[in-house]
1. Check whether at least one residue in the range 324-345 is under 18 Å from Ser246 (Cα atoms), modelled with pLDDT of 90 or more and in a helix (DSSP H, G or I), and report yes or no.
2. Spot the failing condition for Pro82; the list is (1) in contact with a strand residue (DSSP E or B) (Cβ under 9 Å, 6 or more places away or on another chain); (2) part of a loop (DSSP other than H, G, I, E, B); (3) surrounded by fewer than 17 Cβ atoms within 10 Å (Cβ to Cβ), and only one is missed.
3. Would you check if Glu390 is within 21 Å of the chain's Cα centre (by Cα) and among the charged types (D, E, K, R)?
4. Give the residues of the range 267-303 that are of a type in the set (A, V, I, L, M), under 29 Å from Gln254 (Cβ atoms) and assigned to a strand (DSSP E or B), sorted by residue number.
5. Kindly indicate which of Lys251, Lys192 is among the charged types (D, E, K, R), at pLDDT 90 or above and in a loop (DSSP other than H, G, I, E, B).
6. Being assigned to a strand (DSSP E or B) and of a type in the set (Lys, Arg) is the filter here; which residues of the range 117-156 pass it?
Amino acid sequence: MMFEEILKSGNCEVYSSNVRVADANLDNDVNALRSTNESGYSIRVLENLKIGNASSNDFSVQSIRNTLETAKKLSGFGKEIPKNFSFCDTGKKSDAKQNFDNLLSTQLDECCSKLAEITLQKASDQNVKITNCSIKTIQVDFRVQNSLGIDKQEKGTFVVAAIDSKANTNKPLAELSSTFSSRILDEKEYEKWVSERFELTKLFVEPKKIESGKYPLLIEPGVFSPLIADTVGYWASGKSRVDKISFFEGKKNQQVFSEKLSITDDALFENAPSTSSIDMEGNPTRQTEIIKNGTFNSFFYDQLYASYFDEQATGNAKKQSGMGGEKIYSSSTFCGSNNLVVERGSHSIEELKQDFEGIIIEGAGLPMADSETGEFGFEIRNGLLSKNKELTPVRYGIFAGNVKAILNQISAFSKERDTVPDERTAEFNSSCVCPWAKLENQTIVGGK
């Protein structure tokens, strides 16, 4: 075994990965496809209650030994951690489905090219300009081994597309940003999604200025989910407890939000980015109920943050990396959510839109919230003012507030849900499975 020598030498963990990516970049001027394959490993060591980490993509015996020695040296500069910390020591594995497509895993380039072709053809058919587009097909394989005898492997494939499109090149504000994420390749599903987003793009050619006032809001998942991920997804983590900034601290079994809100961190959710049988420390994954009918139930942990509170790890060890995720092995381990699943409502989107009078928010400029305070503010870039059964495209309005407040002001959720990936590393990291959200009586500041 490649790492057998160092695993016997002391208290250490080896994470190794191989990531294949086909990435098509389209803008109607220059269309290109990039194909990469990246393998590497990281070694974490525990010495004197301190952790050191080092990584390499050189698998020679000498390089592995050097990487181990570097990790040991770095541990001397680490923060002292609880005495009860240890690496994963369970032999169990969860019942998550191995949810990947064999065709995709062996034909990444061909699949990526096909999706690019569909996208370009639909843009041409519907007279829509693609201003920026990245389509990725990805296969991730990783393995976790440690000195306590753990040796576990996981595999997944992903399709991720991020498209900026507009319907009239002479109208600079007529752009719509859209994101697609799936664990399997379904060309018809992708074609339907692209067609719907391009049709929607055409509605925003000549937006009007929003007038300041109080409005009911109907917010699409791609705008609403980042607010949940940035706040609930952080406040429920063991790290936020150690940092002493969790809104949920001391509130177990207390009502914190609207009774209409239930959120589960679900690493077993079918066809979502973080669906996996093990986390990136080798712990079995699970479903952790965070909010049930507005009541806070539970935090989630990786191995390190669980040790601070004498809790069991919940399968929430994550890694994140730029460059399309190829160098995932070089990333540090952190405690994060898997798939934040918001319970669906009882009304369809069409039922919610029927007789609705207010602003339908289809796109926004950088919708995000402060993870500590919950404060947020973003520009409504793609809005539709619904009044007297007529839709008027609107823009320039600012929606600002606090997530703690709006999660108490939800009047309805849709039956339909979208899976919205973490934009930083959509292929294997956190996502939010989110319905449309309806809020009443919200203040919008109009542009001048």
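The values are calculated or read from the model by the stated rules, or taken from the named source; none is laboratory data. All values reported here derive from a predicted model rather than from experimental measurement. FYI the Cβ positions are ideal-geometry reconstructions off the backbone, even for glycines, and counts take in every protein chain you see.
1. No, the range 324-345 contains no residue that is under 18 Å from Ser246 (Cα atoms), modelled with pLDDT of 90 or more and in a helix (DSSP H, G or I).
2. (1)
3. no
4. Correct list: Ile290, Ile291.
5. Values: Lys192 fails: in a loop (DSSP other than H, G, I, E, B).
Lys251 is the lone residue from the list that is among the charged types (D, E, K, R), at pLDDT 90 or above and in a loop (DSSP other than H, G, I, E, B).
6. At the first step, the residues of the range 117-156 found to be assigned to a strand (DSSP E or B) are 129-146, 151-156.
Within the range 117-156, Lys129, Lys136, Arg143, Lys152, Lys155 qualify.
Results for (1) in contact (Cβ under 8 Å) with a residue 60 or more places away in the chain; (2) β-branched (Val, Ile, Thr), shown as yes or no for each residue.
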residue: Ile290; (1), (2): no, yes
residue: Tyr308; (1), (2): yes, no
residue: Ile328; (1), (2): yes, yes
residue: Phe334; (1), (2): yes, no
residue: Leu340; (1), (2): yes, no
residue: Gly345; (1), (2): yes, no
residue: Glu351; (1), (2): no, no
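Conditions tested, residue by residue: (1) farther than 18 Å from Asn57 by Cα; (2) buried (at least 21 other Cβ atoms within 10 Å of the Cβ); (3) touching a helix residue (DSSP H, G or I) at 6+ places or on another chain (Cβ under 7 Å); (4) without any contact (Cβ under 8 Å) to a residue 60 or more places away in the chain.
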position	(1), (2), (3), (4)
Gly10	yes, no, no, no
Ser17	no, yes, yes, no
Arg20	no, no, yes, no
Ala24	yes, yes, yes, no
Asp27	yes, no, no, no
Val30	yes, no, no, yes
Arg34	yes, no, no, yes
Ser39	no, no, no, no
Ser42	no, yes, yes, no
